[in-house]
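The values are calculated or read from the model by the stated rules, or taken from the named source; none is laboratory data. As the structure is a prediction and not an experimental result, all values here were calculated from the model. Positions of Cβ are generated from backbone atoms using ideal geometry, with glycine treated the same way; all protein chains shown enter the neighbour counts. Surface areas here come from the heavy atoms of the whole protein model, side chains and all, with no ligands, DNA or RNA. Shrake-Rupley method; radii C 1.70, N 1.55, O 1.52, S 1.80 Å.
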Amino acid sequence: MQSIILAGGFGTRLRPLTIATPKPMIDVANKPIMEHVVNLLKENGFTDITSLLYYHPDTIKNYFSDGRKFGIKMSYSKPAADLGTAGAAGTCRGKMKGTFLVISGDVICGFDLKKAVAFHKKRKALATIILTRVEDPLQYGIVITKKDGRISSFLEKPTWGEVFSDTINTGTYIFEPEIFKYLPEGREMDFSKNLFPLLLENKERLFGHICPGYWKDVGNLTEYRNSHYDAMAGKIKLSINARKTERNGFPVWLGKNTALPEKIRFDGPAIFGDNVTIEEGTTIGDSCFGNGCRIGKHSKISRSVLQKNSGCGHHCDIKETIVGFGTDIAENVKSAPGAVIGNDCAIGAGASLNAHIKVWPQKTVEAGAFVNSSVIWSDRFSRNLFGSHGINGLANIEITPEFATRLGAALGDKVGKGSYVLTSRDANQNSRMIKRSIIAGLISTGVKVGDLRTMPIPVVRYESGKEGEAGGIHVRMSPFDSRIIDILFFDESGCELSPAKQKAIEQTFFKDDISRAGIDEVGDIMLPPRASEYYREGFLSNLNDSAIRKKSVKIVCDYAFSPASLIFPSILGRLKIETISLNGVLHPQRTSKTHEEFEQSTETVANVVKSVKADLGVMFDVGGEKIFLVDGKGRRIHSQKALLTVLTLIGMSEKKGTVCLPVNCSIQAKKIARKYGLEPLSSGATPQRLMSACQQKNIIFGADGKGGFIFPEFQPSFDGMFSVCKIIELCSELGVTLADVAGKIKDPEISERSVYCPWEKKGLLMRKLSEAFPAAKTELVDGIKVIERNSWILFMPSSDRAAFNLSCEAPTKKAALGIIAKHAATIKKWLKQA
């Protein structure tokens, strides 16, 4: 049978190992990954193989030649440009004569491909995706199949809220030759993003076959080490050119001319290539050594990989480290977990390598040096950088100036030299320090920076893209924890970055080869002179200012020491709104509120409203994006009820269009929308998902139920200042008060709880949940929402904690808590059984 190996990837996440070597040719257990793939294909009857090349193609050609040495026939195809996975496969249209398989050249797996082909033929499929189940499906494409295996939907690299299963696309496919009519010639196309959606659209026979057995995408340096541990533990059977023996109760593989001294201790398995020299007194465990490696006496090597012709001197301590080929490590060197040393390096005696640093090829580290990267990689960022609210971490501990500079450079590298990015901050000195460090990183890549200094977030969002900006950044202290700093990113429309753009920045941040500007290309820093003025003009042009002025409105406004106090008073003055202002100055140390402080501040606003007989009261969050309302009777309107109140005002105004409602809002919201002839649209609960949805045509309103309101007529993002004035406009036009409307709406009974769930079990739980409830009762927009007649419960895996968040609405709080408790117990039971 025929097969295509995709072997053209750059392997950027495996750098520095892949700087001069294509990813498929990196050794696992002393053989290139691609050789393990070839062995798998041969075992399953695929002996006519075409390799698609792009990056360092001669390395692969020189190793495999015509394939006879490996018992197969090997030919090659190299597209003239990077055409993507499917586009590259399209270059083989004249070669594939019958059913053929496509597989990545950089995976380690033990699938029974013969069974997969039999399944494909039995189903008379045009295309079959080979699937597997993994503990953490976040970085892969998720596939949903019907009982007969026919694919109903899939999602490429989802967020946690979109993980409805732990069944993923392995990047291995079986096709009939008729597939080539869908593959373009000389045009870019990706299997997952383009081809498979096209097949679904055309109702072609597209199936998924779940293959049991081992599978690992060697996608990053941690997984590269893990693939060795799994081979040594017997989780995957690989062809290892060495004699297997046993020492200290552990399996040990010895290559030719490799002998073990008597005085050596093993605390785990090990693989040794040919001609490895091991001196006495060493301690070795869970490690792999290539041909010609050297290990000095009394050294300790644990959970590490040393590629061919590398070695270390005496009394070294090497932990969880990858060492490229031809590297010499002198005596008394210490290497901390996660370190990677490239090819042909020299590490001097007594040097110490910090955790997660990378030493590029052909570098020399002087004796006694303490090697640290420009950014100390913290465990806080080992999984990903972005959380549900941008990038967050302890100020000056996790989010340091060094970290921020590299982050700015990573963004600059992504948007490109000559691009324009806005920056802003709150009043805190930590935010100023980090923002300036980000600016340094941006301009180092040739990006022009417009620094808005201290500014409310809505102004930055509004300005993004108005003069060709690629986006914006705002730095603030967390509204919830005075120790935490938040770095928020906006795209060219002022909305949150998409998950794809976030992941692109993360990859650039971690790969350590950012493109810097030339000496005459460093970016400029400018101060946009009229940003506030442009914002005010756009703001007022989207309001019925005459209706507001005629009403003679009085409000109480707690600015909460936020930058909104720099902009909003002049707008209120233009609208002739009488305002009693509280906390209307910037205070660097008052940017966060505890729960008790928040409740006390809201109570203060309510008391002032009653005492001055104001029409309403409002308190801003620290960024000026969200508002917390008090009606004219001094009653606090909690955020979910505030959503229903404003939605009612919009309905009463007889506006027509679609309203965007998050999956975790009250049952009452859709009922209110339909009562007034509005079309409700369910949206994801995260700010990014909600703002993205509000950019669609005919959307007139969106809200998150947490104090954030969106009026797309002005901008498709949260804006607390515009929301206040829009609410006043609606009340003025309708001749009603906020108290009149809110008083007729019942407070929703929505309860929440978090349940512990290990990261690696989240995909499993999402699959079990999706299987446990009938499709007619579930809504798969963001998380899994199960809807009953008078209640709903939402299961949402946390994006930044090892937890599942459960939200429930029921007729009473007691009933909601009871439903949550019941499902939390089920989740705990499933976790115990897993």
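Things to note:
- Failed item, numbered, when Gly677 is tested on (1) surrounded by fewer than 21 Cβ atoms within 10 Å (Cβ to Cβ); (2) in a helix (DSSP H, G or I); (3) not hydroxyl-bearing (Ser, Thr, Tyr): (2)
- Odd one out for Leu200, checked against (1) assigned to a helix (DSSP H, G or I); (2) under 26 Å from the mean Cα position of the chain (by Cα): (2)
- Residue in region 638-655 that is of a type outside the set (Val, Ile, Thr), part of a strand (DSSP E or B) and surrounded by fewer than 17 Cβ atoms within 10 Å (Cβ to Cβ) present: no
- Count of region 795-834 residues, restricted to those that are at pLDDT 90 or above, polar (S, T, N, Q) and open to solvent by 60 Å² or more (accessible area, probe 1.4 Å), is 1.
- Condition check for Thr12: of a type in the set (Val, Ile, Thr) and more than 32 Å from the chain's Cα centre (by Cα): no
- Test: residue in region 534-554 that is in contact (Cβ under 8 Å) with a residue 60 or more places away in the chain and under 30 Å from Asp481 (Cβ atoms): yes
- Which numbered condition Val475 misses (of (1) part of a helix (DSSP H, G or I); (2) of a type in the set (A, V, I, L, M, F, W, C); (3) crowded, with 22+ Cβ neighbours inside 10 Å): (1)
- The set of residues from region 16-56 being assigned to a helix (DSSP H, G or I), touching a strand residue (DSSP E or B) at 6+ places or on another chain (Cβ under 8 Å) and in contact (Cβ under 8 Å) with a residue 40 or more places away in the chain comprises Pro24, Ile33, Met34, His36, Val37, Leu40, Leu41.
- Subset of region 557-594 (residues that are assigned to a strand (DSSP E or B) and open to solvent by 30 Å² or more (accessible area, probe 1.4 Å)): Glu578, Thr579, Ile580, Ser581, Leu582
- Candidate set: region 240-261, residues that are within 13 Å of Cys288 (Cβ to Cβ) and part of a loop (DSSP other than H, G, I, E, B); chosen: the one nearest to the chain's Cα centre (by Cα): Ile240
- Filter pass, Pro499 being closer than 30 Å to Ala739 by Cβ and either in contact (Cβ under 8 Å) with a residue 40 or more places away in the chain or among the small types (Gly, Ala, Ser) (or both): no
- Some residue of region 246-253 being surrounded by 12 or more Cβ atoms within 10 Å (Cβ to Cβ), modelled with pLDDT under 90 and out of contact with any strand residue (DSSP E or B) (no Cβ under 7 Å at 6 or more places or on another chain): no
- Among the residues of region 729-738, just one is surrounded by fewer than 24 Cβ atoms within 10 Å (Cβ to Cβ) and touching a strand residue (DSSP E or B) at 6+ places or on another chain (Cβ under 9 Å), namely Thr737.
One line per residue, one yes/no per condition, for (1) in contact with a strand residue (DSSP E or B) (Cβ under 8 Å, 6 or more places away or on another chain); (2) closer than 22 Å to Ser798 by Cβ; (3) modelled with pLDDT of 85 or more:
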site: His389; (1), (2), (3): yes, yes, no
site: Ala395; (1), (2), (3): yes, no, yes
site: Glu398; (1), (2), (3): no, yes, no
site: Pro401; (1), (2), (3): no, no, yes
site: Arg406; (1), (2), (3): no, no, yes
site: Ala410; (1), (2), (3): no, no, yes
site: Ser419; (1), (2), (3): yes, no, yes
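- Scanning region 595-637 for residues that are among the aromatic types (Phe, Trp, Tyr) and either free of Cβ contacts under 8 Å to residues at least 24 places away in the same chain or surrounded by fewer than 24 Cβ atoms within 10 Å (Cβ to Cβ) (or both) yields a count of 2.
- Restricting attention to region 346-369, the residues being touching a Pro at 6+ places or on another chain (Cβ under 8 Å), crowded, with 17+ Cβ neighbours inside 10 Å and among the hydrophobic types (A, V, I, L, M, F, W, C) number 2.
- Criterion (basic (Lys, Arg), open to solvent by 10 Å² or more (accessible area, probe 1.4 Å) and in contact with a Pro (Cβ under 8 Å, 6 or more places away or on another chain)) met by exactly one of Lys61, Lys73, Lys97: Lys97
- Selection within region 117-135 - among the charged types (D, E, K, R) and either surrounded by 20 or more Cβ atoms within 10 Å (Cβ to Cβ) or part of a strand (DSSP E or B) (or both): Arg133
- The set of residues in region 521-555 being under 16 Å from Ser723 (Cβ atoms) and not in a helix (DSSP H, G or I) consists of Asn542, Leu543, Asn544, Val553, Ile555.
- Positions within region 414-438 being open to solvent by less than 10 Å² (accessible area, probe 1.4 Å) and more than 13 Å from Ile399 (Cβ to Cβ), in sequence order: Val421, Leu422, Thr423, Ser424, Asp426
- Of the residues Asp267, Asp317, the single one that is open to solvent by 10 Å² or more (accessible area, probe 1.4 Å), out of contact with any Leu (no Cβ under 6 Å at 6 or more places or on another chain), acidic (Asp, Glu) and in contact (Cβ under 8 Å) with a residue 24 or more places away in the chain is Asp267.
- Total residues in region 696-717 satisfying the condition of being assigned to a strand (DSSP E or B), surrounded by 21 or more Cβ atoms within 10 Å (Cβ to Cβ) and touching a Phe, Trp or Tyr at 6+ places or on another chain (Cβ under 9 Å): the figure is 8.
- Yes/no for Val449 being within 23 Å of the chain's Cα centre (by Cα) and at pLDDT 95 or above: no
- Per-region count, region 39-58, residues at pLDDT 90 or above and not hydrophobic (A, V, I, L, M, F, W, C): 9
- The residue of region 100-116 that is farthest from His36 (Cα to Cα), among those that are over 31 Å from the mean Cα position of the chain (by Cα) and open to solvent by 10 Å² or more (accessible area, probe 1.4 Å), is Lys115.
Residue-by-condition table, conditions (1) within 24 Å of Ile33 (Cβ to Cβ); (2) open to solvent by 70 Å² or more (accessible area, probe 1.4 Å); (3) of a type outside the set (Lys, Arg); (4) part of a helix (DSSP H, G or I):
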| residue | (1), (2), (3), (4) |
| --- | --- |
| Glu178 | no, yes, yes, yes |
| Lys181 | no, yes, no, yes |
| Glu185 | no, yes, yes, no |
| Met189 | no, no, yes, no |
| Phe196 | no, no, yes, yes |
| Gly208 | no, no, yes, no |
| Pro212 | yes, yes, yes, no |
| Gly234 | yes, no, yes, no |
| Leu238 | yes, no, yes, no |
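- The one condition in (1) in contact with a Ser or Thr (Cβ under 9 Å, 6 or more places away or on another chain); (2) under 25 Å from Gly208 (Cβ atoms); (3) in a helix (DSSP H, G or I) that Gly87 fails to fulfil: (1)
- Neighbours by Cβ (under 7 Å, 6+ apart or cross-chain): first from region 721-746, within 19 Å of Met619 (Cα to Cα); second open to solvent by less than 10 Å² (accessible area, probe 1.4 Å) and among the small types (Gly, Ala, Ser): Met721/Ala564; Met721/Gly624
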